[in-house]
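The values are calculated or read from the model by the stated rules, or taken from the named source; none is laboratory data. It should be emphasised that the depicted structure is a prediction, and the values quoted were computed from it without experimental measurement. Note that each Cβ is placed from the backbone with ideal geometry, even for glycine, and that neighbours are counted across all protein chains shown.
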Amino acid sequence: MKPADIICRGLDALRARKPMVHHITNSVVMNFTANVTLCLGAAPVMAPCIDESLEMVRYAGALLLNIGTLDPVLVESMLAAGRAANENGIPVVFDPVGAGATALRTGSALRIADELHISILRGNAGEVLALAGHDGKVRGVDSMDSVGEREELISRFAGDRGLVVAVTGATDIVTDGRSTAVIENGHPLMGRVTGTGCAATTSAACFAAVMDDMFEAAFTGIAAMGIAGEIAAEKAGGPGTFVPLFLDGLAGLDEGTIRERIRASVNG
Amino acid sequence: MKPADIICRGLDALRARKPMVHHITNSVVMNFTANVTLCLGAAPVMAPCIDESLEMVRYAGALLLNIGTLDPVLVESMLAAGRAANENGIPVVFDPVGAGATALRTGSALRIADELHISILRGNAGEVLALAGHDGKVRGVDSMDSVGEREELISRFAGDRGLVVAVTGATDIVTDGRSTAVIENGHPLMGRVTGTGCAATTSAACFAAVMDDMFEAAFTGIAAMGIAGEIAAEKAGGPGTFVPLFLDGLAGLDEGTIRERIRASVNG
Amino acid sequence: MKPADIICRGLDALRARKPMVHHITNSVVMNFTANVTLCLGAAPVMAPCIDESLEMVRYAGALLLNIGTLDPVLVESMLAAGRAANENGIPVVFDPVGAGATALRTGSALRIADELHISILRGNAGEVLALAGHDGKVRGVDSMDSVGEREELISRFAGDRGLVVAVTGATDIVTDGRSTAVIENGHPLMGRVTGTGCAATTSAACFAAVMDDMFEAAFTGIAAMGIAGEIAAEKAGGPGTFVPLFLDGLAGLDEGTIRERIRASVNG
């Protein structure tokens, strides 16, 4: 299937089914990612407390876990909700914000990745490499011999763990160890605004709630972000006006825009 | 009094007195509802910790309680602040977000409604019916035989409990069991943005801080939201640009706009 | 050095070095102040949990502490991170939101000011006077005999404690007890939006991460806010559209704009 066909099919399914996507996420991006969810056509719920998180997840099409402002109590809630999601066949999408930066983050991220079945892991290169067992410090990542070396490591990690990994950056890569998608959409303004990484995870979770193939869901979520980001950047006067225009861009995505804009390849 | 006269009188009082409105509310909408409060002309305070919430409430013109991201500790703070508000004659405005969805939410909402004297309860139909003792599941609500049946149930609940109930949706209804207002203002974009329901509760709380009649305060708060929403929707390119324009619309409300735009009836 | 020269030098340094600024801050303004940090050219981190806050601070160019939505656990995390910052020579910038309003706030603010070495204290007049040992109630402040009397008190407090105090309002004052800067930039719309005070503290912290002189850093941070606020207000339709335009204004600050717009004096 062509990249544009996958995205259009995902968007049709999302708007037809309007799934609930349960977020246990960080306090910085709650409002923004709730609006991302709504603009894409899904319904956000954010219920962090362990006393209800695992009850709430049963209504959800997907569960998003994001450790941006984590504490040990929140991690227990994530694990409980994640186990309930796993038992009920609900995809778990994980954003290991800052993994590699502190012992609490790296340890919590590894525990979540080990104790739960994760369908999609979305992070930047440093965070994903921290989980893949390599030194997660940005310097370490940047000094790797080649981009190819990093890609191979990430692809092997995805294949070994049986999950889809989406690494976002100037170029986005989605891989399950067999198939790999490369997405060239997006705009540098996306890096000047807080929460666009977290929003990419939310976007992947929305599509995971309605698509059977997690590789296609992650690809569709990341591609939709990039296309909306490009559209917004063309009208924005800076990072501030970019944010509302980006949300408009997500809400206004349609088949024509997707086919015209997508610059992505899917191999394997 | 004509609907427009009630709203204009409330807005004049709010801008003249600039009351402090204390919020114990959810993390998703804190920023947005603080800005709603400021745009209407009041001053927001958000002090969730029980060690100070009941001390802070004594400076307030109204107390807003919203259980969107609740936990048991926060509920205790809400109850303590609510009791202090009740003792000091400060109106309590309650938003039972998600009541009916989980045991924690429904139980906490019922406890708040039972242990405190609530002046205004603002929710969607499902949340209000969950508190009124009916199955709060959205499906159950939608399959009720008629809109009239729901309205009668809500009106009886308001009268029995001695509070004002505001149910927002495509059409908004405000009732104290004797008088009922129906508001036709608003725009579908309001449902595409997170926190517009919570913002309606904030708006009602702002007017409750300066108006003696809680039915009129709730009506004014919900009507102001609907009018600002319409104005914003006329200029917005989507849900993203709607948000800042909606805040501008609230800040720019004046007598001419209100008299020109209001589509509401008050009976009883 | 002329005021504009100080600001231009600070901005050049900030954009060249892109320091990480660690925030332990309130839930209302997290998203907004993270975007302020990014728009100025620095990188925000918000890691409130004590299990990692003091580990995280070691990567930071500055540590910002803001008690807007405080609780005793968060205050302990602030103290631990602050001690780690002090030990590592990382400037600590403190925003005592609401000091004077409740015992918890005033007590926590005094404890932070006493136990840590604070480089810059940013607040409104009431908050700063509450820390300086005077009645912090707004009424008390307003009824002081003269503005000059308040300024003298604040200047003496700064000199005695060996910190820089920035008091923002219609006119902003920055003082270390010897030098005093007065800034006339800004716009009344900044008072109609939540978090502009907190954002001024963030702005000061960004410059504290790259400038050696804390007086110059605080002056530069407050002046940058005022200039961006003026630019945004000229285009905004109200407080709502002001916010994204203000962030654009921060991101777009350049030497020409600064030299054209700055209305400030530095004495002493």
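Worth a mention:
- Top-ranked residue of the range C:23-42 - restricted to ones that are under 16 Å from residue C:68 (Cβ atoms), of a type in the set (A, V, I, L, M, F, W, C) and in contact (Cβ under 8 Å) with a residue 60 or more places away in the chain, ranked as surrounded by the most Cβ atoms within 10 Å (Cβ to Cβ): C:36
- Scanning the range B:1-11 for residues that are in a helix (DSSP H, G or I) and surrounded by fewer than 15 Cβ atoms within 10 Å (Cβ to Cβ) turns up just one, B:5.
- For residue A:103: the one exception among (1) in contact with a Lys or Arg (Cβ under 8 Å, 6 or more places away or on another chain); (2) surrounded by fewer than 21 Cβ atoms within 10 Å (Cβ to Cβ): (1)
- Near pairs, Cβ below 9 angstrom, 6+ apart or cross-chain, from the range C:156-171 (over 19 Å from residue C:201 (Cα atoms) and at pLDDT 95 or above) to any residue that is part of a strand (DSSP E or B) and not small (Gly, Ala, Ser): C:159/C:175
- Within the range A:91-108, considering residues that are in contact (Cβ under 8 Å) with a residue 40 or more places away in the chain and not in a strand (DSSP E or B), the one nearest to residue A:124 (Cα to Cα): A:97
- Output for the range C:240-266, where each listed residue is over 20 Å from the mean Cα position of the chain (by Cα) and farther than 21 Å from residue A:246 by Cβ: C:254, C:255, C:256, C:257, C:259, C:260, C:261
- Taking the criterion of being under 16 Å from residue C:264 (Cβ atoms) and in contact (Cβ under 8 Å) with a residue 40 or more places away in the chain, the residues of the range C:212-222 that qualify are C:215, C:216, C:217, C:218, C:219, C:220, C:221, C:222.
- Among residues of the range B:74-95, those that are within 18 Å of residue A:51 (Cα to Cα) and touching a Leu at 6+ places or on another chain (Cβ under 6 Å), counted: 1
- Filtered residue count, the range B:223-237, keeping only those that are in contact (Cβ under 8 Å) with a residue 24 or more places away in the chain and more than 24 Å from residue B:173 (Cα to Cα): 1
- Candidate set from the range B:53-67 (those that are buried (at least 24 other Cβ atoms within 10 Å of the Cβ) and of a type outside the set (A, V, I, L, M)); member that is farthest from residue A:49 (Cα to Cα): B:53
- Evaluating residue B:111 against the criteria (1) more than 28 Å from residue B:14 (Cα to Cα); (2) touching a residue at least 12 places away in the same chain (Cβ under 8 Å); (3) within 14 Å of chain C (Cβ to nearest Cβ); (4) charged (D, E, K, R) leaves one unmet condition, (3).
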